[in-house]
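Reviewing the structure listed below.
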Amino acid sequence: MKKDPRVIAEKKREEERKNQIKADKAEKRRQKELEIERIQQEEQRIKDEAAQLKKAEGQKQKKLRKKLKQARSTFRKLAKTDKLGKFVEADIELLCQKMQLVNMTALVEAFSVQNNHTCSGKEKKKAAALFKKHLTHAQVLQREEEKKAEEVLAKQKLASRKALEKIEKRTSVWTYEEETMLQKAIVKFPPGAGKRWQKIADMINSIGDKTCKEVIRKAKQTAYKKETSASAAFESYQKKVGRKKETLEKKHPGQLGAGTHNWDRTSSNKTSTKEKEKAFLKKAQESPVITEWTADQQFALEQALKTVPKGPDRWNNIAAAVKGKTKKEVIRRFKEIRARILAHKK
């Protein structure tokens with residue numbers, strides 16, 4: 001059976017189309033490979049040029065260093081001949097260290113004198129002026145370098161100190177006994193005492209091992225307060241009352257709040273107990289209250305006492321400098337510290 005020529009032609013066109021697609025893809029791959037090769041060659045060319053430039057620059061710098069070395073050697077010899085005047089050897093060496101080739105060449109030309117030539121006063125003045133000018137510039141450069149070196153050293157020391165403080169902060173562990181001793185030492189040595197933190201550290205080191213920095217850091221983290229005599233007495237009284245109630249509860253279980261078992265006979269005792277509690281509370285309220293002072297507040301108070309001048313508004317200004325405290329609290333704190341110091345001296 002003979003095939004339809006239209007079908008044959010269609011198949012032929014389809015095959016040609018597929019072949020064309022394959023050829024286009026192959027051409028694209030070839031073009032891509034050529035582009036990659038071209039880019040690689042360009043990169044290699046740039047690298048080669050950079051290497052050549054670097055090599056040429058290195059050779060140029062080498063020649064310049066050689067010329068500078070020769071110029072320095074020549075200048076040393078000329079400056080030490082004393083034909084144009086006497087110059088300090090340390091200044092000559094400073095110029096040789098700091099001056100670049102252009103300035104060094106100018107100095108060499110100014111100091112170059114023929115063997116049998118007698119220098120005039122004008123030539124000597126010119127050489128001395130040029131020497132002084134370049135020496136001043138060299139000294140400025142030296143000071144700037146020293147300043148930069150000091151700044152770098154200070155930054156390194158600061159970073160080292162901060163790292164050490166972080167390590168100390170992580171490794172510093174305080175026991176209950178050491179914290180108790182710290183609280184006692186802060187009360188014993190009030191602010192204003194000479195070598196206060198060293199004395200506190202020595203007191204803590206009687207049972208532990210802490211440095212002054214660790215003690216100060218711990219004191220800043222925790223605010224300590226000294227109890228008034230009235231509040232301490234009232235707390236002692238409360239403990240005694242609590243112990244009596246526990247004893248009564250053991251003797252008469254379940255009847256402490258029931259109102260039975262002859263509690264009427266003890267009603268007068270209860271009344272007197274309540275009156276005593278009220279009396280102690282009233283006494284504690286009337287006595288001066290010592291509020292908590294953090295280490296930052298205490299430091300601000302000490303600085304304000306040193307810096308604020310005397311005058312009608314002195315205590316207002318001091319109170320403004322201490323964050324979180326009123327004028328009355330600041331004055332009371334000052335009087336307490338003064339009283340402690342006087343008592344400690346006695």
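General remarks:
- Under the simplified labelling scheme, the Arg314-Gln139 pair shows an inter-label distance of 4.8 nm, with each label point 7 Å from Cα along Cα→Cβ.
- Projected label distance in nm at Ala51 and Lys18, using a 7 Å step from Cα toward the beta-carbon: 5.0
- Alpha carbon convex hull of region 29-188, projected area averaged over orientations, nm²: 24.5
- Approximate shape of region 176-224 as ellipsoid semi-axes (Cα gyration tensor, √5λ), whole Å, largest first: 14, 12, 10
- Computed from label points 7 Å out along Cα-Cβ, the spacing between Gln100 and Arg338 is 6.7 nm.
- Gain on full stretching of the segment that runs from Leu64 to Glu35 - 0.36 nm per residue minus C-alpha separation: 6.2 nm
Readers should treat all values here as calculations from the given coordinates under stated rules, not as data from a laboratory. No experiment lies behind these values; they were computed from the predicted model shown. Using ideal geometry, Cβ is built from the backbone for each residue, glycine included, and neighbour counts are taken over all protein chains shown.
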